[in-house]
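Remarks on the structure that follows.
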Amino acid sequence: MAQPPYDPYGYGSQDPYAQPYSQPPAVQHHHYGPPSAPPTNGMATASMVCGLIGIVFCGFTSILAIIFGHVAQSQIRRTREGGAGMATAGLVMGYIVTAIWAVVWVIYIFVIAAAAGASSVSTY
């Protein structure tokens, strides 16, 4: 009995019991994408938001921005979270707004004191 010629794809098979050609199972390619960034520290976000809002609310929230900014920076150093830039921005805005509002309040108090002193002086 002669051996049939080599047919790698099974097109010319004359064997009635031969299995029909089937596709190999699909290969699943795992595309993971770029590595994800670490989560952003919540205190850093709070620091930046409080620094921005401090302009409107007489600087009270800018003090919170300073506190949150320092806490966020220490947490970021310890846990390697993201948001170091936001914490720094919150600190800078907090210090600037606090300084501006401190100057405004000092001038305001000086003007009130000068007005009160001028009204108590009599001209005889």
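Distant-in-sequence amide contacts of Thr40, defined by a placed amide H-H separation under 5 Å and a gap of 5 or more residues or a different chain, comprise Gly82. Please identify which residues in segment 85-111 have an amide N closer than 17 Å to a label point set 7 Å out from the Cα of Ser74, following the Cα→Cβ vector. Hits in segment 85-111 for Ser74 at 17 Å: 87-88, 91.
Taken together, the values in this text are just the output of simple stated rules run on the coordinates, not laboratory data. Nothing here was measured: the structure is a model prediction, and the numbers come from that model. A quick note on method: Cβ atoms are made from the backbone with ideal geometry, for glycine too, and the neighbour counts reach across all protein chains shown.
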